[in-house]
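Down below is the structure, laid out as structure tokens.
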Amino acid sequence: MPLFAIALMAVVVAGLFTSEMTKVRVLRVDGVPSWDTERVGAILRAYEGVPALRINPLQVERQVEWHPAVSYSDFRRNIFGRARLEVVYRRPVAWFQRGETEFAVSVEGAVFPLVGERPPLSVDEKLMEMRPNLSVFDTRRIGGLLDLAAKVQQKLPSLRGKLSVLASGGLSLTVAEGARVEFGDREGLDEKVSKLARSLEQSPDLLRRARTVNLVVPERPAVRWR
């Protein structure tokens, strides 16, 4: 390549990196809830007036993902002054309280301060041993419980109650009506939760009349009445 062409290319590239003509003028932000708009807005305002190619997308994403409620983000920009930020947040499947602070828990075991409405299901606070980075201390210990929470939230979104682990190691859910639903281990949870959903369709007052509903063997559910 002739030296003139190389020099011209270098000038063009340098111009794109420094020209105000390439600074972001149109920015689209997707996925940010109202409670996080101020924080994300402050991050983005720091890049106002900066030419697009001088903005490092990975740096923007790291700043956005600093909040433990954020699962991942994607920032893209071009030399025509357009940029887009997409943010995906973790979906809480349960919550618990420690001291004066309420925390949400995702199905992956991430723990973050609860903002907004509580999920329908809470989890026994004694089970939630956390690392300093707010992740659950041992997902092997409560992974089944979080899996159960996610499946109940999916199939029975209006069901409220508290999740716990019995002395036997089995998973249980004490519902707001007072009944305790016993699921056993995490094997076959889909089938067990589906059985509970079908039972409630057939007998909507089941959890008000029952003391315990045993779904350890979903083909042979056992009910102890009040």
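The values are calculated or read from the model by the stated rules, or taken from the named source; none is laboratory data. Everything quoted here is computed from the prediction, not taken from an experiment. Quick reminder, even Gly has a Cβ in these numbers, built from the backbone with ideal geometry, and neighbours come from all protein chains shown.
Residue count for the range 58-94 under the criterion of being closer than 13 Å to Val24 by Cα and either under 14 Å from the mean Cα position of the chain (by Cα) or not aliphatic (A, V, I, L, M) (or both): the result is 8. If the condition is being over 29 Å from the mean Cα position of the chain (by Cα), surrounded by fewer than 19 Cβ atoms within 10 Å (Cβ to Cβ) and not acidic (Asp, Glu), then the range 207-222 contributes Arg208, Arg209, Arg211, Thr212, Val217, Arg220, Pro221, Ala222. Pairs are defined by a Cβ separation below 7 Å, a sequence spacing of at least 6 or placement on different chains, a first member in the range 141-159 that is assigned by TED's automatic domain parsing to the domain that holds Val181 and under 12 Å from Val93 (Cβ atoms), and a second member that is in a helix (DSSP H, G or I) and of a type in the set (Asp, Glu); the pairs so defined are Lys151/Asp190.
For the range 27-69, residues that are over 22 Å from Val107 (Cα atoms) and of a type in the set (Asp, Glu) total 4.
How many residues does the range 197-223 contain that are part of a strand (DSSP E or B), among the basic types (Lys, Arg) and more than 17 Å from Gly161 (Cβ to Cβ)? Lay out the reasoning, then the answer.
The first filter runs over the range 197-223 and keeps only residues part of a strand (DSSP E or B), leaving 210-214, 222-223.
Filter once more, so that each one left must be among the basic types (Lys, Arg): 211.
Subsequent filtering for residues that are more than 17 Å from Gly161 (Cβ to Cβ) retains none.
Total satisfying the criteria: 0.
Would you mind stating whether Val24 is at pLDDT 95 or above and either within 30 Å of Lys126 (Cα to Cα) or buried (at least 17 other Cβ atoms within 10 Å of the Cβ) (or both)? It is false that Val24 is at pLDDT 95 or above and either within 30 Å of Lys126 (Cα to Cα) or buried (at least 17 other Cβ atoms within 10 Å of the Cβ) (or both).
For the range 177-196, residues that are in a loop (DSSP other than H, G, I, E, B) and either loosely packed, with under 12 Cβ neighbours inside 10 Å or among the basic types (Lys, Arg) (or both) total 2.
Among the residues of the range 163-176 satisfying the criterion of being of a type outside the set (S, T, N, Q) and at pLDDT below 90, which is surrounded by the most Cβ atoms within 10 Å (Cβ to Cβ)? This residue is Val165.
Do we have any residue at all in the range 36-50 that's part of a loop (DSSP other than H, G, I, E, B), at negative phi and buried (at least 18 other Cβ atoms within 10 Å of the Cβ)? Yes.
Please enumerate the residues belonging to the range 69-86 that are closer than 25 Å to Phe112 by Cβ and crowded, with 18+ Cβ neighbours inside 10 Å. If the condition is that a residue be closer than 25 Å to Phe112 by Cβ and crowded, with 18+ Cβ neighbours inside 10 Å, then Ala69, Val70, Ser73, Phe75, Leu85 are the ones that fit. Looking at the range 54-123, the strands (runs of 3 or more DSSP E) lying wholly inside it that each contain 1 or more residues that are touching a residue at least 60 places away in the same chain (Cβ under 8 Å) and of a type outside the set (Gly, Ala, Ser) sit at 92-98.
Of the residues contained in the range 102-115, one or more are found to be aliphatic (A, V, I, L, M) and either modelled with pLDDT of 95 or more or surrounded by fewer than 18 Cβ atoms within 10 Å (Cβ to Cβ) (or both).
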